[in-house]
């Protein structure tokens with residue numbers, strides 16, 4: 001078993017409950033970790049046997065372009081796409097951080113983190129809804 005980590009992916013998006021967030025957007029960072037059996041890829045040195053993190057980045061990018069009110073919902077959607085696209089996943093974790101949230105106080109950001117195992121992977125009931 002091994003793990004691919006993608007750290008500090010940076011996006012500008014319009015997620016949030018407040019109208020101003022939905023209009024002007026904010027900066028976000030996304031971290032994901034994906035566990036899978038790396039044995040074959042570690043021997044073959046062939047991308048076909050590996051989990052392609054360039055594809056994973058594109059999946060995250062697409063989900064970041066779909067608005068959500070809550071970070072929790074965004075994390076779930078990203079996990080749904082990862083498990084749909086990579087059947088070899090045994091576990092994945094997604095952390096989304098909103099930088100400079102609209103809170104009356106000083107902080108770097110606020111984040112939500114969601115983890116799923118292949119055994120608990122459930123299809124998104126809202127897939128395809130706007």
Amide N of the range 1-43 lying under 15 Å from the label point, which is placed 7 angstrom from the Cα of residue 88 along Cα→Cβ:
1-5, 34-43
Could you check the spin-label model distance between residue 67 and residue 45? Points 7 Å from the Cα along Cα→Cβ, value in nm.
4.9
List 8, 42, 68, 90 from most exposed to least, where exposure is judged by having the fewest other Cβ atoms within 10 Å.
8, 42, 90, 68
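Read the figures in this text as sums done on the coordinates, not as results from a lab. This one's a predicted model, so the numbers in the text were calculated from it and none came from an experiment. Note that we place each Cβ from the backbone using ideal geometry, even for glycine, and neighbour counts take in every protein chain shown.
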